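Notes follow the structure.
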Amino acid sequence: MINKFTINEIIVIIMAMIEEFESKEMFGYESEEVYFPKPINDKLEELNEEEYEEFFCNAEEIVEEVYSLKSGELNELNAIHEEISILANDILKKYIIE
């Protein structure tokens, strides 16, 4: 059974992945792991291997889409969260609590 996430949990996951992506872009350093809050991490660990791979493949697609929105502007966070919500409702639909 696929574990379901709230849209806020999806936003937390994607934002953590964006930070990791940004670190890699800026410093050429890629961490072995992205750290998530324990309740989210627990849900991720409950996914089977196939679901886990699919989830992160799709999440990476969202990261690549919204990374370009990071501009340093004051309202960028709202714009990024809104875009993540839109993309997640399409790309990660089966993982979201309705």
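A short reminder: the numbers here are calculations on the coordinates, not readings from a lab. Remember, it's a predicted structure, so these values are computed and weren't measured experimentally. Quick reminder, even Gly has a Cβ in these numbers, built from the backbone with ideal geometry, and neighbours come from all protein chains shown.
A few points about this structure:
- In a DSSP loop and with at most 11 other Cβ atoms within 10 Å, the chymotrypsin sites (Phe, Trp or Tyr not before Pro) in the chain are Tyr29, Tyr35.
- Computed from Cα positions, the angle between helix 49-66 and the longest principal axis of the chain comes to roughly 20 degrees.
- Label point distance in nm, Ala79-Ile97, each placed 7 Å from Cα along Cα→Cβ: 3.1
- Each principal axis of the Cα atoms in segment 1-42 has its own extent, and those three values, largest first, are 37, 18, 17 angstrom.
- Inter-label distance, Asp90 to Glu61: 1.0 nm, where each label sits 7 Å from its Cα along the C-beta direction.
- Relative contact order (%) - the chain, alpha-carbon pairs under 8 angstrom, separation at least six: 44
- Those lysines that a straight Cα-Cα span of less than 24 Å connects to Lys94, excepting residues fewer than 8 apart in one chain: Lys4, Lys38, Lys43
- Förster radius 25 Å - calculated FRET efficiency between Thr6 and Ser68 (Cβ-Cβ, nearest 0.05): 0.50
- Candidate values (1) 17.2; (2) 13.4; (3) 13.9, label of the one derived for Kirkwood radius over Cα pairs in Å: (3)
- Degrees separating the helix 7-27 axis from the principal Cα axis of the chain, which is the longest one: 50
- In the chain, the calculated helix contribution to ellipticity at 222 nm averages -21500 deg cm²/dmol per residue, counting -39,500 (n - 2.57) for every DSSP H run with n ≥ 4.
- Taking amide hydrogens as placed 1.01 Å from N in the peptide plane, the amide H of Ile96 sits under 5 Å from those of Phe5, each at least 5 positions away in sequence or on another chain.
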